[in-house]
């Protein structure tokens with residue numbers, strides 16, 4: 001993994017939903033829209049019933065959960081759902 005790519009892991013309590021490399025992760029929290037890009041500062045947020053968009057090299061993947069925690073650190077974005 002290079003510095004210009006994110007490793008994204010989406011998990012629920014009982015299974016891994018998706019894992020892969022991405023150029024960005026975008027969503028909306030209580031303060032507004034946000035994007036997580038490579039080399040992003042440490043970041044944590046709660047997302048409630050809003051789409052989470054993962055831009056891979058070739059496509060946009062959209063996920064929507066009732067609630068999720070997004071945690072980004074060192075080019076790894078972990079998304080915990082069904083919390």
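Return yes or no: is residue 47 within 9 Å of the chain's Cα centre (by Cα), surrounded by 15 or more Cβ atoms within 10 Å (Cβ to Cβ), modelled with pLDDT of 95 or more and not in a loop (DSSP other than H, G, I, E, B)? No: the conditions fail for residue 47.
Find the residue count for the range 1-39, including only residues that are part of a strand (DSSP E or B) and either more than 18 Å from residue 75 (Cβ to Cβ) or out of contact with any strand residue (DSSP E or B) (no Cβ under 8 Å at 6 or more places or on another chain) (or both).
Taking the range 1-39 as the starting set, the residues that turn out to be part of a strand (DSSP E or B) are 6-11, 16-22, 24-29, 32-36.
Narrowing the set further to residues that are either more than 18 Å from residue 75 (Cβ to Cβ) or out of contact with any strand residue (DSSP E or B) (no Cβ under 8 Å at 6 or more places or on another chain) (or both) leaves 16-17, 28-29, 32-33.
Going through the range 1-39 one residue at a time, the tally reaches 6.
In the range 65-79 there is at least one residue matching the filter, namely being in contact with a strand residue (DSSP E or B) (Cβ under 8 Å, 6 or more places away or on another chain), at positive phi, surrounded by 15 or more Cβ atoms within 10 Å (Cβ to Cβ) and at pLDDT 95 or above.
Taking the range 50-74 as the range and being farther than 19 Å from residue 4 by Cβ and either in contact with a helix residue (DSSP H, G or I) (Cβ under 7 Å, 6 or more places away or on another chain) or outside any loop (DSSP other than H, G, I, E, B) (or both) as the test, the residues that pass are 51, 52, 62, 63, 64, 67, 68, 69, 70, 71.
The values are calculated or read from the model by the stated rules, or taken from the named source; none is laboratory data. Remember, it's a predicted structure, so these values are computed and weren't measured experimentally. Backbone-built Cβ (ideal geometry, glycine too); neighbour counts: all protein chains shown.
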